[in-house]
């Protein structure tokens, strides 16, 4: 995985029957292609609306919108052949829920571009998906929840905090501290995963911090870009990295999205959530680590008696069973979402009735 993609990823149900992966195969699911206006009238988002195939079409169903993590994600949140949102859609429909999942703007069949887009633009798109789902026949508008993964775990609380109609939240590996802290941690952890010493890992975090100081400095844009370019060129020379490193990192780091993520603190918005919420962290997550994010999540939701926060063992940021949690392991992992995740979802929703 490229350094660019690594940085992106840093910021990076319903009484269920048995929903282990083997039980999901063959579940009747009726799906149709949908299109709706996103957070801007110029944006048309394409997605899939799924319903249980064995439920009468005139029955009003509870429903959920799936909100993806950072980067150019399609409706299945496809990464290295893994399709976690497809599995979640199967789990929800097996439980009698309708599910809306969609391609992010500029991805798949959705129009637009990711250039210049901010976290708030993606939140507007997700809210548009929520409103579209509320208008659909056969959907109970009073029983629609939001499931957000990674970046989606920051977006879902934004919507719930301003929309009383949101019934519940499930947050998977949600960042709960500013992106600067997460990215510095990830730079250090990535170095360790490559076999670097602890000293080298700390140097990697310091290197990232110096870049972030440039990105958040109150200086003219041309000066910020010049300083960033010079810093990236020094890094490339010291590490003997390919020529393309400088420009790819420059475009990513100096984007509106990344500079906003660096300073955005999700905790105050999370504290406004008074809906039932299941917050799940992955014990071996090397991108949104529980060591950084679990404590702030508990502090933010301390006054919400309907909040349930857990750390699930043996899984990585994608909630796949893992040996190490390293991003480099993603392409080689077999199997879908870990049963420990699906069981946790099942148990929580059964308790809610």
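The values are calculated or read from the model by the stated rules, or taken from the named source; none is laboratory data. These figures come from a predicted structure and were not determined experimentally. Positions of Cβ are backbone-derived with ideal geometry, glycine not excepted, and every protein chain shown enters the neighbour counts.
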ask   = Yes or no: residue 125 out of contact with any helix residue (DSSP H, G or I) (no Cβ under 7 Å at 6 or more places or on another chain) and under 24 Å from residue 317 (Cα atoms)?
value = yes
query = Counting only residues that are under 15 Å from residue 143 (Cβ atoms) and in contact with a strand residue (DSSP E or B) (Cβ under 7 Å, 6 or more places away or on another chain), which one in the stretch 94-111 is surrounded by the fewest Cβ atoms within 10 Å (Cβ to Cβ)?
reply = 96
query = Looking at the stretch 297-305, is at least one residue part of a loop (DSSP other than H, G, I, E, B), closer than 22 Å to residue 158 by Cα, within 17 Å of the chain's Cα centre (by Cα) and assigned by TED's automatic domain parsing to the domain that holds residue 69?
reply = no
key: Within the stretch 321-348, tally of residues that are in a strand (DSSP E or B) and surrounded by fewer than 23 Cβ atoms within 10 Å (Cβ to Cβ)   = 1
request  = Find the residue count for the stretch 62-84, including only residues that are at pLDDT below 95 and over 30 Å from residue 332 (Cβ atoms).
outcome  = 1
key: Failed item, numbered, when residue 60 is tested on (1) over 22 Å from residue 167 (Cα atoms); (2) surrounded by fewer than 22 Cβ atoms within 10 Å (Cβ to Cβ); (3) in contact with a strand residue (DSSP E or B) (Cβ under 6 Å, 6 or more places away or on another chain)   = (1)
Positions within the stretch 169-198 being surrounded by fewer than 24 Cβ atoms within 10 Å (Cβ to Cβ) and in a loop (DSSP other than H, G, I, E, B), in sequence order = 177, 178, 194, 195, 196, 197
Failed item in (1) at negative phi; (2) touching a strand residue (DSSP E or B) at 6+ places or on another chain (Cβ under 6 Å), with residue 73 passing the rest = (2)
request  = Return the total of residues in the stretch 130-147 being part of a helix (DSSP H, G or I) and either surrounded by fewer than 19 Cβ atoms within 10 Å (Cβ to Cβ) or under 16 Å from the mean Cα position of the chain (by Cα) (or both).
outcome  = 2
ask   = Do we have residue 58 as over 28 Å from residue 338 (Cα atoms) and modelled with pLDDT under 95 here?
value = yes
request  = Note down all Cβ pairs under 7 Å where the first residue falls in the stretch 269-280 and is assigned by TED's automatic domain parsing to the domain that holds residue 158 and closer than 8 Å to residue 169 by Cβ, the second is part of a helix (DSSP H, G or I) and modelled with pLDDT under 95, and they're at least six residues apart or on different chains.
outcome  = 276/352; 278/348
inquiry  = Among the residues of the stretch 5-22, are any modelled with pLDDT of 95 or more, buried (at least 23 other Cβ atoms within 10 Å of the Cβ) and not in a helix (DSSP H, G or I)?
reply    = no
